[in-house]
1. Filter region 55-98 down to the residues that are open to solvent by 40 Å² or more (accessible area, probe 1.4 Å) and within 11 Å of the chain's Cα centre (by Cα), then identify the one that is nearest to residue 153 (Cα to Cα).
2. Looking only at region 141-173, which residues are assigned to a loop (DSSP other than H, G, I, E, B) and free of Cβ contacts under 8 Å to residues at least 12 places away in the same chain?
3. With the condition kept exactly as written, say whether any residue in region 174-183 is of a type in the set (Phe, Trp, Tyr), part of a helix (DSSP H, G or I) and closer than 26 Å to residue 38 by Cβ.
4. Using the structure shown, decide if residue 155 is at pLDDT 95 or above and buried (at least 17 other Cβ atoms within 10 Å of the Cβ).
5. (1) polar (S, T, N, Q); (2) under 22 Å from residue 138 (Cα atoms); (3) in contact with a Leu (Cβ under 9 Å, 6 or more places away or on another chain): which one isn't true of residue 10, the others all being true?
Amino acid sequence: MDGDRAVRWTLACGVAGPILFTIVFTIDGALRAGYDPATTPISELLLGDAGWLESAAFVTSGLLIVAFAFGLRVALREGRGARWGPILIGVTGLGLAVAGILLPDPAFGYPPGTPGGPPQSPASWHSTVHALAAFAIFGALPVAAIILSRRFRSARSSPWSLYSLASGVAMLVAFVSYIVGTRGGDGVGLIPGWLERLSVVVGFLWIAALAANLLRTSAPSPGGSAART
């Protein structure tokens with residue numbers, strides 16, 4: 001019973017972490033003076049006098065997602081995606097926590113007075129590690145969703161299979177579009193900030209929905225009899 005309770009707590013972390021992160025960056029981005037969420041990446045909120053708030057959200061949410069990954073591994077038990085799905089979600093959470101500790105360089109006009117466009121070269125070491133952590137997030141999470149979509153398809157759970165596949169593909173498309181939109185120097189694209197937010201919201205909503213579904217059904221092994229990937 002204690003083990004079951006611990007697993008349910010870690011699954012609940014999968015609901016709390018993504019929602020906490022989304023709420024904080026949405027409100028902070030809307031209220032921060034001199035910050036434009038349409039053109040500026042979420043990570044730039046880590047800078048400035050109020051950057052500590054965003055840093056706390058990055059680290060706390062990241063650790064909650066890592067905890068969820070452990071619970072998900074136990075809940076899935078065996079079958080397709082039972083190993084790599086949780087590992088990739090854990091990488092996502094770890095990347096988020098690292099990104100919240102090692103800050104990006106000023107860019108995209110924030111903090112106020114910073115030139116528009118991508119960071120100036122050469123980048124600082126901590127900004128380089130921050131960027132690598134971000135790529136880990138936007139690479140690992142879509143792949144996790146796509147891998148688990150195969151699990152749900154094997155379990156004949158078509159709605160979850162389609163939702164997981166669509167979420168993974170949409171996150172990748174939005175992120176690639178965001179990267180393309182940030183390569184224009186001072187004439188940066190009109191909405192790269194929204195594209196990045198779209199990618200994050202789609203992926204993190206999928207994590208929260210997956211965790212909530214496992215909590216609700218109390219049947220933590222969808223597709224458990226399917227072949228392991």
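The values are calculated or read from the model by the stated rules, or taken from the named source; none is laboratory data. Bear in mind that the values here come from a model prediction, so they are computed numbers and not experimental data. Ideal geometry is used to build each Cβ from the backbone, glycine not excepted, and the neighbour counts take in all protein chains shown. Side chains are part of the model used for accessible areas, which takes the heavy atoms of the whole protein and leaves out ligands, DNA and RNA. Shrake-Rupley method; radii C 1.70, N 1.55, O 1.52, S 1.80 Å.
1. The residue in question is 91.
2. First, the residues of region 141-173 that are assigned to a loop (DSSP other than H, G, I, E, B): 155-157.
The one that is assigned to a loop (DSSP other than H, G, I, E, B) and free of Cβ contacts under 8 Å to residues at least 12 places away in the same chain: 156.
3. Taking region 174-183 first, the residues of a type in the set (Phe, Trp, Tyr) are 175, 178.
With the extra rule that they be part of a helix (DSSP H, G or I), the set shrinks to 175, 178.
Those still in the list that are closer than 26 Å to residue 38 by Cβ too: 175, 178.
Yes, region 174-183 has at least one match.
4. Working: at pLDDT 95 or above: no; buried (at least 17 other Cβ atoms within 10 Å of the Cβ): yes.
No; evaluated as a whole, the condition is false for this residue.
5. Residue 10 satisfies every listed condition except (2).
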